[in-house]
Each structure stands twice: as C-alpha cells, then as structure tokens.
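Below is one structure, written out as structure tokens; the observations come after it.
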Amino acid sequence: EPERRGWEDTGKIVDSVLGHLQRILNTKRGNVPIAEDYGTPDFTELHRSYPESMRELERSIIQTIQKFEPRLKSVRVTLIPQNEEELSLRFQITGKLATEQDKVPIFFETVLDSDGKVEIRG
C-alpha cells in the first residue's frame, strides 16, 4: 500500500545506488555466484585496441548497470579525455533515478585506476 510507505528519501536512494554501483564495477565478471555476467570485464585487457576498447568499456558498463541496477534509467557512460601520462581512466555515469515521485537526474564521476579499482563519486 503506497500510503503506508510514506515519502521516499531521495538522498538515501542515491547513496544506496552509489554503493551498489561501486560493488558492481569493482567485481570482475565470473567471480560471484549471483550471475556469470555480474560485474565488469577485466579492464587490464583494454589497452590492446585503444580507442575502440573505450567504446566497448562504455557499452559494457551501460549494459551491466541496466541489468543489475534497475533504479537507474536512461543510463549513459562517457569517457572523459585526459593526458596520456595519467595511469587512470575517468568517465561519467549519468541517468535518471526512478523514484515514486519522479525521475531524478543523477551524475557520478568514476575513476578507474591502474590497479583496476573503480572509485565512484556522487
């Protein structure tokens, strides 16, 4: 019964989504019993076919988020260009948080370091 639930706390939902995205993007595919395709591919293999591999990375992250984080809609992932000396990748994750009240726009900045660890900031 919706009237029993009260109002959603959008801030708590965003924090929950942020935490879940952090877990998803730091899990390598095939390493958890939830699902074989839960997580992301091994990022260390990406350097072989740059820049095509960056488009594949963006697509992979979008597909993973769409499948395993249903609270986000209209997800976009965009690589943020940086100088070649940095040993990390930055990209933006944007979309809309589907809440009972409305679709709330969200924006996360993500950093993939040289060790393959992903950090997400809201």
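The chymotrypsin sites (Phe, Trp or Tyr not before Pro) of region 88-122 include none that meets both criteria, a DSSP state outside H, G, I, E and B (loop) and at most 12 other C-beta atoms within 10 angstrom of the site's C-beta.
Give the calculated FRET efficiency between Lys73 and Asn26 to the nearest 0.05, with a Förster radius of 25 Å applied to their Cβ-Cβ distance. The calculated FRET efficiency here is 0.65.
Distance between the modelled labels on Glu36 and Ser53, one decimal in nanometres: 2.4 nm (7 Å Cα→Cβ projection).
Here, each number is a calculation from the coordinates, and none is a lab measurement. Treat the numbers as computed from the prediction; the structure is a model and nothing was measured. Cβ sites come from the backbone with ideal geometry, for glycine too, and all protein chains shown count toward neighbours.
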